[in-house]
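Encoded as C-alpha cells, the structure appears first; notes follow it.
Quick note: the coordinates plus some simple rules give every number you see, no bench work behind them. Computed from a predicted structure; not experimentally measured. Here Cβ is always computed from backbone atoms with ideal geometry, including for glycine, and neighbour counts include all displayed protein chains.
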Amino acid sequence: MRRTVRRRMRLRSRLWRWRRNPLRRRSDLAEAWAGLLAAVVIAVGAPAAGWATGAAVNGALQQTVRAQRAERAYLPAVVLKAGPREVTGTDPESGTLREEGRAATARWTGPDGKQHSGTVRIAVDQGKGDRIYVWTDPHGNATTPPLDAATATAHAAMAGLGTALLALVLGTISRQTLMWQLMRRRLAEWEREWAAAGQDWGRADAGG
C-alpha cells in the first residue's frame, strides 16, 4: 500500500510541470519538454541511428566482399624455398614458445596463364616441394585473402553500436546543457522576483 502511494506521489511530482497552475513557469515547461525529448532520443533515436549506420556499413562491406571474391583467385602453388621458423610469442597456458608460420618462396600459374612467383606465408610443418594455395589478384600477383562476410558483419555491428553510443552521449550532453541554461534562467527569475518582493515589503513597512 505504501509503495503504491509513493509511486503515485512520484508520478504526480513528475507531471506537475505539464499541468496548468500558477506555480508553473516557462522554464518548468521547457524542462519537461527537454526531458521528454531526451527520453525519445535515448529510447528511439540512438537505436535507430545505430541500426541505420550498421545497415549502411554492412551493405558497403558486403559489396566489398563480393567484389574481392570476384577479383581474387585461390590457386595451387608449389613451395620453392622455405625460410626459418618464426617465433611469434609465448603460449599463455603452457609458457612455451609458439610458432605460427614462416615466410616462403612459391610458384604458381596465374589467371592469365603465366608463371608467377613470390613470397607467401606457410605453416611451420610445410617446406620445400609442398603444395599450397595462394590468393592472387587478376594479374596473378599474390595478395591477401578477401574480406570474410562474417567479419564484415561484425565490423558493421561495431559501427552501429558506436553510433548508437555516440548519439546517446550527445543527447545526454545536450539535455544537461539545456537544463543548465534553464536553471540559470530560473535563478535569474527568482532574483528578480525576490527583488520585486523586497521592494513591496519595504513600501508595506513604510505605509504601516
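Some points to look at:
- Highest average packing first - 52-58, 114-120, Cβ atoms within 10 Å: 52-58, 114-120
- Straightening the chain between Glu193 and Glu100 buys 25.8 nm, computed as 0.36 nm per residue apart minus the Cα-Cα spacing.
- In order along the stretch 127-133, the Karplus-derived 3J(HN,Hα) couplings, from 6.51 cos²θ - 1.76 cosθ + 1.60 at θ = phi - 60°, round to x, 4, x, 6, 8, 10, 10 Hz, and Gly and Pro are given as x.
- Estimated FRET transfer efficiency (Ser117, Trp51; beta-carbon r; R0 30 Å; 0.05): 0.05
- For the stretch 45-57, the Karplus equation 6.51 cos²θ - 1.76 cosθ + 1.60, evaluated at θ = phi - 60°, returns couplings of x, 4, x, 5, 5, x, 5, 5, 5, x, 5, 5, 5 Hz by residue, with Gly and Pro reported as x.
- Linear extension gain, Met158 paired with Leu80, 0.36 nm per residue minus alpha-carbon span: 23.9 nm
- FRET efficiency, 1/(1 + (r/R0)^6) with R0 22 Å, evaluated for Gln62 and Thr109 via beta carbons: 0.10
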